[in-house]
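Visitor: Here it is, the structure, as structure tokens.
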Amino acid sequence: MIEGLLIGLNTVLVPENLLLVLSGCAIGTLIGMLPGLGPISAIALMIPVTYGFDPASGMILLAGVYYGAIFGGSTSSILINAPGVAGTVATAFDGYPLARSGFAGKALAIAAYSSFVGGTLAALFLVLSAPWLSDIALGFQSADYFLLMLLGLTLVSAFASRGEYLKALVMTCLGLMLATVGTDLTAGVQRFTFGRSDLIDGISFLVLAMGTFALSEAIMMALPGKNADMFDLQSRLRTTNMAVSRCEAAELAPVVGRSSVLGFLIGTLPGAGATIASFLAYGAERRLAPSSHHNTASSESDLVNKPFGEGNIRGLAAPESANNAACTGSFVPLLTLGIPGSGTTAVLLGALIAYGIQPGPRLFIDEPEVFWAVIVSMYVGNVFLLVLNLPLIPWIARLLTIPRNYLVPIIVFFSTMGVYLVSFNTFDIQLMVIIACIAVFLRKLNFPMAPLLLGFILGGMLEDNLRRAMTLSDGSWSFLWDRPLTMSLTVITVAVLTSPLMRLLWQRIRT
Amino acid sequence: MEMCGGGPFWNGLHRLMLAVLTVLIVLPPLAQADLLARVHFLIPAGPGGGWDGTARGTGEALLKSGLVADVSFENLSGGGGGRAIAKLIETADRQPFTLMISSTPMVVRSLQGIFPQSFRDLEPIASVIADYGCFAVRSDSDIRDFSDVVERIRENPRSVKVAGGSVKGSTDHFVFAKAVAHANINPRRTVYVAYDGGGKAMAGLLTGETQLLSTGLSEAIDMARQGEIRIIAITASERLQDAPELPTLTEQGFPVEFANWRGFFAAPGLSPDRYRDMRDTLRDVVSTEAFEKVRVRNQWTRLYHEGPEFTAFLVEQERDIGKLMRDLGFLR
């Protein structure tokens, strides 16, 4: 393994390859910042450029683009509440409130550090455990994925602010319902398309995310009302400040560590991926948080104890590190089995095959320099990203000091352009505007938007996996306890679901 | 956004360039109007998929071989490809250099009524490549060939569950249905498990929750060469030059042939001259070394049909698929 790493370092640490990582990170960050253009489009657009290179250099450039695009996506999530890809939705939950309360620089810095640590730890795990992790990944069947999604869905309670569980539940159901629009995978039947061909593929995640988050936020800003002036002089100065205090770093370290491990493990499963990982990490942290009733805590130094969803830095660090770790984790099935677990790794698989390399159990043996170059370049890409972005953060954060009358049109422009650039379909823009109007109405009534997206993202996968599991078990529910793995997941899910009730009972008994 | 090569910006530029080109072509009659002066590829899906790869690969070969100096791409997804077809028809008079990529799903979706148009509303120019279907099992499976599959299904239809990377009723499903129908088994009694993409279907086979995988050959062949899976049959009419070790379904006594073609279409109402130019451009490009390189790199199989021959092929495929889909109950 040591000589493998040396081979990798040898390949990567030559001037032209370092230049490739650097330019890849820069290009990726720029593309990723545009809502809608995530890692998939960024890589797909860069692949033709790499055809002239040798495979290792090509992969090095693409790894840079990949990490750059992920980080760029977090930036738009945090600054303008526009999560362009599903993996960065959870980042917006606490990242955006942080930025709105004047800590944009700090939020971006925490995102950069947590991504860096998540990516680095995951690259380390990848080196140490890739071969036997692929066996675990192959242990997961449709029934297990179903339970994993269900577990993700139980997190809805984490998003209910001020005890409004019912509203959160209603929004989750709405999200689940929206996920059923389009052609159903199992039977090939069109549902709720109203005869419109634009709805055959369902409502796109991007349209819903932009409508409920970015565009509705812009409308809320433009509406007369509570937010009189966003930034006074003091918060202007604070916005570009990116210092993270030692006390905060100490609080965040275990969060980032836990989330990285969780993210990496979830990422290695071909059917799960970064989105689930970031949601689970966010939910887990919220449950682990010492006490979430510190509503009074609002002093600057107390960002750790703010309620989740209102700008808690743990709530930002957890999904960010999990997201990055999961992205690295998704290389496990790709490199060791040749199975792409996510859209991004599918595009990367295409690139590898185009270079004449087939990932799989023999990649280690047949093309050691490519295998190790990919792993080392992931690490180097992470380092470069940090080096490249830290000095830029104060400048990027300054976006928020733009007066509201300019900022609102900018958000509208970027969200509209992002949606249009992906599909070139004006129907998507119309749909986004309609969704945004409904979202503004619901937000005025204090309905949270996060559970809607949670339900929507998980809904499709939940249904597909459930129906697959049912088909495979000949229509019987026995799949829930037939295999030890499924059984334990069932037990965990039930435990999580009933834990508030149990706690309540326990308290009753004690008093 | 030049990288995506589309949008309103493009339309403006398009018209301008068209004007310039018309002047250039019309004025000096010395130019031999042999090949297209430029090619604009219309891709009915987002970047990164099979259609995108084929169009961009063909474009790359056109550029590298020097056949055409100016190649552009436009991704227009929506409606399962129907939006791009509608646009091509609506703006036919402004699309003299446009080639739209499509493939077998166009025939399927048109039959299903997902979009009202079919290949008859366009001008089929040529198919360039194909991906044959294949059936694969895990390397440790005791299924040896397709007769084994048939035997087991006859005994117990639920003993062989078939994974496919697309929705019920689409190619992966009906290739399998067609094969078992030949053995006088009602395809509706078999168990097809739909996954969201070929990669996840492959994972489904490897985890052991399904016993057979129906997928495109290009998605399976490398896994087979690495020894993770075993391909028990392919749907080509005879063994392939690139992979002579793979047995065909036909030689196992199931005369089932199926090719998932990918080819190019032009806007309707093409002048005979323009049609000839387009056809010659495609005919020339598939024989270039540059295209061969792209083809081998992506593990596509050669399948060149042009003009009337291509149309006849489409008519036959449409009839074939239509019958099967009615048998399966997907069409009334």
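Visitor: Go through (1) within 19 Å of the chain's Cα centre (by Cα); (2) surrounded by 24 or more Cβ atoms within 10 Å (Cβ to Cβ); (3) within 15 Å of A:T268 (Cβ to Cβ) for A:A99 and report which single condition fails.
Guide: Condition (3) is where A:A99 drops out.
Visitor: Tell me the residue from A:L497, A:L480 that is hydrophobic (A, V, I, L, M, F, W, C) and within 25 Å of the chain's Cα centre (by Cα), please. It would help to see each step written out before you state the result.
Guide: Values: A:L480 fails: within 25 Å of the chain's Cα centre (by Cα).
None of the others qualify; the one that does is A:L497.
Visitor: Something else about it: It is to be established whether one or more residues within the stretch B:79-92 are farther than 26 Å from A:I429 by Cα, assigned by TED's automatic domain parsing to the domain that holds B:L314 and surrounded by 23 or more Cβ atoms within 10 Å (Cβ to Cβ). Reasoning before the result, please.
Guide: Just the residues of the stretch B:79-92 that are farther than 26 Å from A:I429 by Cα, to begin with: none.
Looking through the stretch B:79-92, none of the residues is farther than 26 Å from A:I429 by Cα, assigned by TED's automatic domain parsing to the domain that holds B:L314 and surrounded by 23 or more Cβ atoms within 10 Å (Cβ to Cβ).
Visitor: Is there a residue in the stretch B:140-157 that is of a type in the set (G, A, S) and modelled with pLDDT of 90 or more? Steps first, answer last, please.
Guide: Going residue by residue through the stretch B:140-157, those that are of a type in the set (G, A, S) are B:141, B:147.
Adding the requirement that they be modelled with pLDDT of 90 or more leaves B:141, B:147.
Yes, the conditions are met somewhere in the stretch B:140-157.
Visitor: Residue by residue through the stretch A:44-76, note down the ones that are among the aromatic types (F, W, Y), within 14 Å of chain B (Cβ to nearest Cβ) and closer than 30 Å to A:L98 by Cβ.
Guide: A:Y66
Visitor: Shifting gears a bit: Just give me the residues in the stretch A:464-480 being more than 7 Å from every other protein chain (Cβ to nearest Cβ) and closer than 14 Å to B:V193 by Cβ, in sequence order. Quick ask: steps written out before the conclusion?
Guide: The initial filter retains those residues of the stretch A:464-480 that are more than 7 Å from every other protein chain (Cβ to nearest Cβ), namely A:465-467, A:469-470, A:473, A:475-480.
Result: A:N465, A:L466, A:R467, A:A469, A:M470, A:S473, A:G475, A:F479.
Visitor: Looking only at residues in the stretch B:158-192 that are facing another protein chain (nearest Cβ under 10 Å) and farther than 16 Å from B:I143 by Cβ, which one is modelled with the lowest pLDDT? Steps first, answer last, please.
Guide: Within the stretch B:158-192, the subset facing another protein chain (nearest Cβ under 10 Å) is B:158, B:161, B:163, B:166-170, B:173, B:191-192.
If we keep only those that are farther than 16 Å from B:I143 by Cβ as well, we get B:166-170, B:173, B:192.
Numbers: B:S166: 84, B:V167: 84, B:K168: 83, B:G169: 79, B:S170: 82, B:H173: 90, B:Y192: 93.
Per the criteria, the residue is B:G169.
Visitor: Listed residues A:T486, A:T498; which is modelled with pLDDT of 90 or more, part of a helix (DSSP H, G or I) and over 16 Å from B:D196 (Cα atoms)?
Guide: Working: A:T498 fails: modelled with pLDDT of 90 or more.
Of A:T486, A:T498, the one residue that is modelled with pLDDT of 90 or more, part of a helix (DSSP H, G or I) and over 16 Å from B:D196 (Cα atoms) is A:T486.
Visitor: Now for a different question. Here are B:A136, B:A177, B:A126, B:A181: which of them is more than 28 Å from A:S197 (Cβ to Cβ), in contact (Cβ under 8 Å) with a residue 60 or more places away in the chain and in contact with a strand residue (DSSP E or B) (Cβ under 9 Å, 6 or more places away or on another chain)? Working first, answer last.
Guide: Numbers: B:A177 fails: more than 28 Å from A:S197 (Cβ to Cβ); B:A126 fails: more than 28 Å from A:S197 (Cβ to Cβ); B:A181 fails: in contact with a strand residue (DSSP E or B) (Cβ under 9 Å, 6 or more places away or on another chain).
Testing whether each residue is more than 28 Å from A:S197 (Cβ to Cβ), in contact (Cβ under 8 Å) with a residue 60 or more places away in the chain and in contact with a strand residue (DSSP E or B) (Cβ under 9 Å, 6 or more places away or on another chain) leaves just B:A136.
Visitor: Quick test for you: out of A:I492, A:I438, pick the one residue that is surrounded by fewer than 17 Cβ atoms within 10 Å (Cβ to Cβ), closer than 15 Å to A:F213 by Cβ and at pLDDT 85 or above. Step through it out loud before you land on a result.
Guide: Values: A:I492 fails: closer than 15 Å to A:F213 by Cβ.
Going through A:I492, A:I438 in turn, just one is surrounded by fewer than 17 Cβ atoms within 10 Å (Cβ to Cβ), closer than 15 Å to A:F213 by Cβ and at pLDDT 85 or above: A:I438.
Visitor: Limited to the stretch A:423-463, what total is found for residues that are assigned to a helix (DSSP H, G or I), in contact (Cβ under 8 Å) with a residue 24 or more places away in the chain, within 13 Å of chain B (Cβ to nearest Cβ) and over 17 Å from A:C173 (Cβ atoms)?
Guide: Qualifying residue count for the region: 4.
Visitor: Across the stretch A:182-209, which residue is surrounded by the fewest Cβ atoms within 10 Å (Cβ to Cβ) among those that are charged (D, E, K, R) and either within 16 Å of A:L462 (Cβ to Cβ) or more than 11 Å from chain B (Cβ to nearest Cβ) (or both)? Explain how you work it out, then say what you get.
Guide: Our first condition is that a residue be charged (D, E, K, R); within the stretch A:182-209, this holds for A:184, A:191, A:196, A:198, A:201.
Within this subset, residues satisfying the condition of being either within 16 Å of A:L462 (Cβ to Cβ) or more than 11 Å from chain B (Cβ to nearest Cβ) (or both) are A:184, A:191.
Numbers: A:D184: 19, A:R191: 12.
Filtering first and then ranking leaves A:R191.
Visitor: Are there any pairs with C-beta distances below 6 angstrom linking a residue in the stretch B:68-86 that is within 17 Å of A:S197 (Cβ to Cβ) and within 9 Å of chain A (Cβ to nearest Cβ) to a residue that is among the hydrophobic types (A, V, I, L, M, F, W, C) and in a helix (DSSP H, G or I), with the two at least 6 apart or on different chains, and if so which?
Guide: Close Cβ pairs (under 6 Å, with a partner that is among the hydrophobic types (A, V, I, L, M, F, W, C) and in a helix (DSSP H, G or I)) amount to B:L76/B:A84.
Visitor: State yes or no: is B:T210 within 10 Å of another protein chain (Cβ to nearest Cβ) and buried (at least 19 other Cβ atoms within 10 Å of the Cβ)?
Guide: Details: within 10 Å of another protein chain (Cβ to nearest Cβ): yes; buried (at least 19 other Cβ atoms within 10 Å of the Cβ): yes.
Judged against the criteria, B:T210 is a match.
Visitor: If you take the residues in the stretch B:107-125 that are more than 13 Å from chain A (Cβ to nearest Cβ) and of a type outside the set (F, W, Y), which one is nearest to B:S166 (Cα to Cα)?
Guide: The first filter runs over the stretch B:107-125 and keeps only residues more than 13 Å from chain A (Cβ to nearest Cβ), leaving B:107, B:118-125.
With of a type outside the set (F, W, Y) added as a condition, the list becomes B:107, B:118, B:120-125.
Working: B:V107: 15, B:S118: 21, B:R120: 25, B:D121: 26, B:L122: 26, B:E123: 28, B:P124: 26, B:I125: 27 Å.
Per the criteria, the residue is B:V107.
Visitor: OK, next. Tell me whether the stretch A:321-339 contains one or more residues that are in contact with a Gly (Cβ under 8 Å, 6 or more places away or on another chain), within 14 Å of another protein chain (Cβ to nearest Cβ) and modelled with pLDDT under 75. Full working, then the answer.
Guide: Within the stretch A:321-339, the first condition is being in contact with a Gly (Cβ under 8 Å, 6 or more places away or on another chain), and the residues that meet it are A:321-330, A:332-334, A:336-339.
Now drop any that are not within 14 Å of another protein chain (Cβ to nearest Cβ), which leaves A:330, A:332-334, A:336-339.
Checking which are modelled with pLDDT under 75 leaves us with none.
The answer is no, given that none of the residues of the stretch A:321-339 is in contact with a Gly (Cβ under 8 Å, 6 or more places away or on another chain), within 14 Å of another protein chain (Cβ to nearest Cβ) and modelled with pLDDT under 75.
Visitor: I need a count of the residues in the stretch B:155-180 that are hydroxyl-bearing (S, T, Y) and within 12 Å of B:L212 (Cα to Cα).
Guide: Initially, the stretch B:155-180 is screened for residues hydroxyl-bearing (S, T, Y), giving B:159, B:166, B:170-171.
The next check asks that each one be within 12 Å of B:L212 (Cα to Cα); those that pass are B:159.
Qualifying residue count, the stretch B:155-180: 1.
The values are calculated or read from the model by the stated rules, or taken from the named source; none is laboratory data. What you see is a predicted model, and the numbers here were worked out from it, not measured in a lab. Every residue, glycine among them, receives a Cβ derived from its backbone with ideal geometry; neighbour counts consider all protein chains shown.
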